[in-house]
Amino acid sequence: MVQSKMKKPAKTKTIIDDEIPLRGVLKCHCGNPLSGASSRGKSGKYFYYYKCRHSKHNNISAIKAHNQFLELVN
């Protein structure tokens, strides 16, 4: 009983989301790769962002980043 209370909970698996495919490819100004994150708005709709792991660094809208990427490719 005591062991079951002391045992750490199993980590949940990270779900790879198709909404943020450039995660790990884009870089912050500090040189670290940007990770992906989602945020739910008041309407319940999810918005996706590329974020730096350091606080107060880049937080870029995924839609904006994808549009800029497509402009560069064209």
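The values are calculated or read from the model by the stated rules, or taken from the named source; none is laboratory data. Please read all numbers here as calculations on a predicted model, not as lab measurements. All Cβ positions, even for glycine, are placed from backbone atoms using ideal geometry, and neighbour counts span all protein chains on display. Protein only, heavy atoms only, side chains kept; ligands, DNA and RNA dropped before computing areas. Shrake-Rupley method; radii C 1.70, N 1.55, O 1.52, S 1.80 Å.
Can you work out the accessible area per residue across the range 14-74, with the rest of the protein chains kept in place, probe 1.4 Å, in square angstrom? It would help to have the intermediate numbers written out before the result.
Values: 4950 Å² over 61 residues.
About 81 Å² of surface per residue is accessible.
Using Cα atoms only, what is the angle between the long axis of helix 62-73 and the major principal axis of the chain, expressed in degrees (0 to 90) to the nearest 10?
The answer is roughly 40 degrees.
Suppose R0 equals 22 Å. What FRET efficiency, 1/(1 + (r/R0)^6) with r the Cβ-Cβ distance, do His66 and Ala10 give to the nearest 0.05?
After rounding to 0.05, the efficiency reads 0.05.
Below 8 Å, C-alpha to C-alpha, sequence gap of six or more: please give me the relative contact order for the chain in percent.
19
Ranked highest first by the average count of other Cβ atoms within 10 Å around their residues, in what order do 68-74, 56-62, 25-31 fall? It would help to have the intermediate numbers written out before the result.
Values: 68-74: 8.7, 56-62: 14.1, 25-31: 12.0.
With the highest mean Cβ count within 10 Å placed first, the list reads 56-62, 25-31, 68-74.
Using the Cα atoms of the chain, I'd like the radius of gyration and the largest Cα-Cα distance, Dmax, both in angstrom.
16.8, 62
Computing the accessible area with a 1.4 Å probe over protein heavy atoms, can you report the carbon and sulfur percentage for the chain?
About 54 percent, which is the carbon plus sulfur part of the accessible surface.
Could you give each residue of the range 29-38 its phi-based ³J(HN,Hα) in whole Hz, using Karplus coefficients 6.51, -1.76, 1.60 with θ = phi - 60°, and x for Gly or Pro?
For the range 29-38, the Karplus curve yields 5, 8, x, 7, x, 7, 9, x, 8, 10 Hz.
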